[in-house]
Amino acid sequence: MHVGTSYKQRTPDGAFDAIVVGSGIGGLACAAALAKYGKKRVLVLERHYRIGGYTHAFSRRGYEWDVGVHYLGELGPRGAVRGIFDRLTDGTLRWAPLPDVYDRIVLGDRSYDYVTGARRFASKMIEYFPGETEAIGRYVTLVKQVSRAGARYFVDRALPRAVSRLAGPLLRRGYMRYATRTTREVLRELTRNEELIAVLTGQFGDYGLPPSRSSFAIHAAVASHYLGGAWYPIGGAGAIARAFAPIVEAAGGELSHSAEVAEVLVEGGRAAGVRMRDGRTFRADLVISDAGAANTFGALLPEAERPASLVKALRSATPSVGYMCLYLGFRHTDAELGLTGTNLWLYPDADHDANIARFLADPSAPLPLVYASFPSAKDPSFQERFPGRATIDLITLCPWDWVEKWKDTTWMKRGADYEALKASFSERLLEVLFARLPQLRGKVDHAELSTPLTTRHFASHPRGELYGLDHDPARYRLPLRAQTPVPGLYLTGADLVSAGVAGGLVAGVLTAGAILGVRTILDIMRR
Ligand SMILES: Cc1cc2nc3c(=O)[nH]c(=O)nc-3n(C[C@H](O)[C@H](O)[C@H](O)COP(=O)(O)OP(=O)(O)OC[C@H]3O[C@@H](n4cnc5c(N)ncnc54)[C@H](O)[C@@H]3O)c2cc1C
C-alpha cells in the first residue's frame with residue numbers, strides 16, 4: 001500500500017494551516033503532532049515518488065529494501081522512543097527486537113559483540129578487556145549522562161527566543177563541555193587501550209565520522225540509544241510512513257508525493273506558503289522545512305530573505321560524507337542462507353581514523369568500513385510478504401567528489417565510466433561480505449549499487465550526504481533553532497537534533513512544540 005497521493009494526479013485543495021516540505025521522519029512526526037495535538041490541517045509535500053524520506057522502502061524485481069532504517073533503540077515497552085512513536089501513531093507501529101547481539105564489530109580477524117542491556121554490555125566488554133573494568137564502567141555512565149544532558153540542550157532549540165535567552169545557558173550547560181570535544185579526546189581520558197577505543201566506536205558509521213573527528217555528543221547519543229538493544233519495524237521501513245499518514249489525514253491534512261517545492265513564499269517578512277516547481281502556490285501561515293538546513297536556508301528561501309548570519313554559519317559547516325549502498329537479493333530464505341538480524345561492522349583493523357584518511361586519499365585503499373544489515377532477517381513479516389527470498393544491504397562511505405563529474409547526467413543513464421566505477425565498488429563490497437559469510441558466494445540474484453548521486457536524486461541532499469550536517473564539534477555551536485529568523489518558517493528533521501530516525505522524530509516533536517507550545521513536547525515525550 002502506497003502512502004499519500006501523487007501531485008501529478010491530484011492537486012491538493014482547500015485551506016491548510018501548515019505546509020511541511022519533505023516527508024522524512026522529521027516532517028512526518030511534526031505533521032502528525034500538529035494534526036493530533038493542534039488539530040491543524042497539514043499539507044505534506046514530498047519531492048520523491050514515495051513518502052518517507054530516508055525511512056522509505058523501495059522495491060525491485062520482487063524484493064524490497066529499506067534505505068535509512070536498519071535498527072532503532074529505546075523501543076522496549078518503556079522506551080522513550082517507543083512512547084513518542086506510540087503517541088504520534090496511536091500505537092499502530094509494531095517493532096521486532098533484533099537478536100541479543102545487535103551489533104558485531106569486526107576489526108580484522110577479531111570480533112566483538114554488543115549485547116542487549118547496559119549492564120550486560122559492560123560485562124561483555126570487561127570479558128574482552130579484563131584490565132579495563134573501571135574505564136568501561138565510567139564509559140557507560142558517561143554516555144548515558146551526556147545523552148540525558150542532550151535532551152535539555154535540544155529542548156532549548158524549541159523554546160521562544162526570549163525564554164531561551166534566560167533558560168538556555170542553564171539548559172545547555174553540561175552538554176557543551178562534551179559536544180565541543182571529539183569522541184577520541186574524551187575516550188582517551190578514560191583509557192589508553194586503542195583496541196577498546198576502536199570497539200567502543202565500532203558504530204561510528206551511524207554518524208559518519210571517525211573518533212578523532214566526531215563530537216562526543218553524537219557518539220554518546222548513538223551509544224546510549226542502543227544500550228538497551230535494537231528493534232526493526234515489522235512490515236519494513238515503509239511501515240513508518242503508513243502509520244503516520246492516517247493521523248495527518250484524520251485532521252483533514254494531505255500527503256502529496258512527486259511534489260517538489262521550489263521556494264518558500266515570504267510576504268511582509270514572514271512565511272506565507274510555498275511555490276512549487278511547476279509554479280503553483282499553496283498558502284499557509286506556517287511552513288515547516290524537513291529538507292535540511294542547507295536546502296532550507298541556501299535554496300528554498302528567496303535570496304533576499306536569507307538570514308545572513310545563519311547562512312554564513314552554515315557555510316562554515318561541513319556536509320556529512322556520502323555513501324554507497326549495495327542492495328542484494330537472494331532467492332533463498334534467511335534460514336537457508338544462515339543469516340540473522342545481527343548487524344556486522346566490518347573494519348580492516350582497529351585504526352578507524354587512519355583507515356578513513358587513507359581511503360579518502362586513495363579510493364583503491366581497503367574499504368575503511370563495511371556495514372552489513374539483514375532487513376529480511378530482522379522483519380518477521382518478510383517471509384510472508386516475499387516468500388523464499390532474503391535481502392542484505394552493504395554500506396560503505398563515498399565522498400561526493402568521486403561522483404560529482406556525473407552530476408548532470410540522468411539517473412540510470414550516467415554512462416559506461418560511471419557503471420565501471422559502480423561495478424568495481426560492488427565487487428569489492430561483495431568480497432568483504434563473502435570473506436565473512438562464504439556461504440553467500442554464487443547465490444546473489446540481484447545486486448544494485450547506489451552512490452551519492454542516487455541520494456541526491458532521490459533525497460535532495462545536495463552532496464548525497466548520509467547524515468545532513470557533519471556531527472563534528474562545530475555543529476553544536478550552530479545557531480539552529482526550530483523557529484527560524486523568518487517568522488512562520490520552522491526547521492525540523494535531523495539537522496535540528498541529530499542524524500538517526502530517533503533524532504528526526506524528536507526534531508519533529510520539538511518543532512511542533514515550538515509552534516503549539518512547550519506543553520505539547522511534554523505531552524508527547526512524557527515517560
Ligand atoms: C544509508 C542510511 C542508513 C541509515 N540507517 C539508520 C539506522 O539504521 N537507524 C537510524 O536511526 N537512522 C539511520 N539513518 C539515518 C536516518 O535515516 C536519517 O537521519 C533520518 O531518517 C533523516 O530524517 P529527516 O526527517 O531529517 O530527513 P530525510 O529523511 O532526509 O527527508 C527529507 C525529505 O525532504 C524531501 N525534500 C527535500 N527538498 C524538497 C523539496 N524542495 N520539495 C519537497 N520535498 C523535498 C526529500 O526528498 C526527503 O524525502 C540512516 C541513513 C542512511 C542514509
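Key figures
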read-out: In the stretch 348-362, residue farthest from Leu480 (Cα to Cα) [restricted to those that are open to solvent by 10 Å² or more (accessible area, probe 1.4 Å) and not charged (D, E, K, R)]; value: Pro348
read-out: Breaking point among (1) more than 27 Å from Arg192 (Cα to Cα); (2) hydrophobic (A, V, I, L, M, F, W, C); (3) within 14 Å of the ligand (Cβ to nearest atom), for Val403; value: (3)
read-out: Top-ranked residue in the stretch 47-90 [being open to solvent by 40 Å² or more (accessible area, probe 1.4 Å) and closer than 28 Å to Thr116 by Cα; ranked as nearest to the ligand (Cβ to nearest atom)]; value: Tyr54
read-out: Residue list for the stretch 487-496, restricted to those being away from the ligand (no atom under 16 Å from the Cβ) and either open to solvent by 20 Å² or more (accessible area, probe 1.4 Å) or assigned to a helix (DSSP H, G or I) (or both); value: Pro487
read-out: Looking only at the stretch 379-402, and only at residues there that are open to solvent by less than 10 Å² (accessible area, probe 1.4 Å) and over 25 Å from Glu465 (Cβ atoms), the one that is nearest to the chain's Cα centre (by Cα); value: Asp379
read-out: Any hit, the stretch 39-46, residues being within 15 Å of the ligand (Cβ to nearest atom), touching a residue at least 40 places away in the same chain (Cβ under 8 Å), surrounded by 24 or more Cβ atoms within 10 Å (Cβ to Cβ) and more than 25 Å from Leu516 (Cα to Cα); value: no
read-out: Top-ranked residue of the stretch 497-506 - restricted to ones that are assigned to a helix (DSSP H, G or I) and more than 7 Å from the ligand (Cβ to nearest atom), ranked as most open to solvent (accessible area, probe 1.4 Å); value: Val506
read-out: Residues located in the stretch 212-228, provided they are surrounded by fewer than 23 Cβ atoms within 10 Å (Cβ to Cβ) and in contact with a Lys or Arg (Cβ under 7 Å, 6 or more places away or on another chain); value: Ser212, Ser224
read-out: From the options Trp411, Trp406, residue that is modelled with pLDDT under 95, more than 18 Å from Tyr102 (Cβ to Cβ) and surrounded by 15 or more Cβ atoms within 10 Å (Cβ to Cβ); value: Trp406
read-out: Given (1) more than 12 Å from the ligand (Cβ to nearest atom); (2) surrounded by fewer than 19 Cβ atoms within 10 Å (Cβ to Cβ), index of the condition Thr484 fails; value: (2)
read-out: So Gly464, is it at positive phi, over 19 Å from the mean Cα position of the chain (by Cα) and touching a residue at least 24 places away in the same chain (Cβ under 8 Å); value: no
read-out: Filtered residue count, the stretch 432-461, keeping only those that are of a type in the set (S, T, N, Q), open to solvent by less than 30 Å² (accessible area, probe 1.4 Å), in a helix (DSSP H, G or I) and in contact (Cβ under 8 Å) with a residue 60 or more places away in the chain; value: 1
read-out: Pairs where the first residue, in the stretch 59-71, is closer than 21 Å to Gly322 by Cβ and the second is of a type in the set (S, T, N, Q) and within 16 Å of the ligand (Cβ to nearest atom), C-beta under 6 Å, 6+ apart; value: Trp65/Thr391; Val69/Thr55; His70/Ser373
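So that you can scan it fast, the table gives a plain yes or no per residue for (1) near the ligand (Cβ under 10 Å from one of its atoms); (2) touching a residue at least 24 places away in the same chain (Cβ under 8 Å); (3) exposed (fewer than 15 other Cβ atoms within 10 Å of the Cβ):
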| residue | (1), (2), (3) |
| --- | --- |
| Gly238 | no, yes, no |
| Arg242 | no, yes, no |
| Glu254 | no, yes, no |
| Ala271 | no, yes, no |
| Thr281 | no, no, yes |
| Asn295 | yes, yes, no |
| Leu301 | no, yes, no |
| Leu310 | no, yes, no |
| Cys325 | yes, yes, no |
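The values are calculated or read from the model by the stated rules, or taken from the named source; none is laboratory data. Fair warning: this is a prediction, and the values are worked out from it, not measured in the lab. We place every Cβ from the backbone using ideal geometry, glycine too, and count neighbours over all the protein chains shown. Please note that ligands, DNA and RNA were not included when accessible areas were found on the heavy atoms of the full protein model with its side chains. Shrake-Rupley method; radii C 1.70, N 1.55, O 1.52, S 1.80 Å.
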